[in-house]
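Notes follow once the structure below has been shown.
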Amino acid sequence: MTRVVVNRVLLGAVGLVVLGVGVLVLAGGLDLYRRLGVSPPNWWPWTSPDQPVVSVRTRSRWVDSTWWWPTVIGGLAVLMAGMVWWLVAQLRRTGLSSIAVPTPGVSGLRLRVGARALEEAMESGTAVLPEVERAGIRLVRAPRHPRLRGAVRLTPGGDPAGLVAHFEDGPRTDACRSLSLPELPADLRIRVLQAAPAEPRHRWPRRRRRRSRVV
């Protein structure tokens with residue numbers, strides 16, 4: 001799964017849990033269980049406004065145990081480390097600002113091409129392919145080699161297999177040849193538009209023919 005999907009799943013799961021707990025606590029604080037005649041679950045502790053969120057017995061239950069404070073501190077440290085890692089992962093950019101171009105036979109020369117220039121060239125080369133209505137290309141990081149991620153929208157009735165063949169023989173091959181790269185992997189997300197339904201024809205009411213009588 002991509003980072004966006006993982007973020008959405010985690011945020012959705014955490015949000016549902018927090019929302020459920022908050023609703024149950026709010027219902028107990030507003031005494032809705034008694035007013036509405038609803039029986040809360042047996043394991044739920046907060047059922048009335050007089051009950052504190054954390055009771056004295058709960059706060060002091062394991063305080064005298066030797067494992068209590070190391071467990072609490074260790075759990076909070078792990079939670080904090082996980083939150084910091086998640087924040088750093090969100091701030092880290094997946095895109096590239098430039099790409100290195102091999103210079104065989106020339107020592108001491110480092111040549112780099114701007115990623116945006118390559119993306120614009122790939123987008124222009126993909127947009128002119130048959131049946132392509134719109135194309136977007138982005139250069140992202142990968143473990144071994146830079147990778148292309150593209151989103152292409154085809155006209156109604158477009159052929160995705162034909163687009164892949166044209167993209168492979170055209171923009172992708174041209175980019176590898178121009179940059180002297182052995183390979184440039186690409187992931188394409190193709191969407192085919194649906195044809196608009198035909199508008200119903202308006203039928204004019206038939207006019208009644210006047211019959212003339214001969215007297």
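Here are the numbers for this structure:
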read-out: Within the range 170-215, tally of residues that are open to solvent by 70 Å² or more (accessible area, probe 1.4 Å), assigned to a helix (DSSP H, G or I) and either within 17 Å of ALA115 (Cβ to Cβ) or modelled with pLDDT under 85 (or both); value: 2
read-out: Residue that is farthest from ASP169 (Cα to Cα) [pool: residues in the range 117-144 that are open to solvent by 70 Å² or more (accessible area, probe 1.4 Å) and modelled with pLDDT under 85]; value: PRO143
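The values are calculated or read from the model by the stated rules, or taken from the named source; none is laboratory data. Computed from a predicted model, the values in this text were never measured in an experiment. Note that each Cβ is placed from the backbone with ideal geometry, even for glycine, and that neighbours are counted across all protein chains shown. Remember, those area values only see protein heavy atoms, side chains included, never the ligands or the DNA or RNA. Shrake-Rupley method; radii C 1.70, N 1.55, O 1.52, S 1.80 Å.
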